[in-house]
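The values are calculated or read from the model by the stated rules, or taken from the named source; none is laboratory data. This one's a predicted model, so the numbers in the text were calculated from it and none came from an experiment. Backbone-built Cβ (ideal geometry, glycine too); neighbour counts: all protein chains shown.
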Amino acid sequence: IGTGLVKGFSWHDIEVVNNEAGKPEVVLRNKAAEMLAGKKVHLSLSHSGESAIAMVVVDH
């Protein structure tokens, strides 16, 4: 989000869960939900062997 963690935003406000179809989705709470209200959050996950990567894009 590019705001840092000093403005009331906490990593505890973001959770990755699987939806009913098993697709990972981002759940926002508290300050993160307020900051991104009305915006679409896209999540991509990939892993291979011992490496993993995640990418999040927020549509404005």
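Things worth noting here:
- Candidate set: region 7-48, residues that are surrounded by 12 or more Cβ atoms within 10 Å (Cβ to Cβ), in contact with a helix residue (DSSP H, G or I) (Cβ under 8 Å, 6 or more places away or on another chain) and assigned to a loop (DSSP other than H, G, I, E, B); chosen: the one modelled with the lowest pLDDT: 8
- Search result, residues across region 49-60 that are outside any strand (DSSP E or B) and over 19 Å from residue 9 (Cβ atoms): 49, 50
- The C-beta contact set for region 35-60 (first residue in contact (Cβ under 8 Å) with a residue 40 or more places away in the chain, second residue assigned to a loop (DSSP other than H, G, I, E, B), distance under 6 angstrom, 6+ apart or interchain) comprises 58/39.
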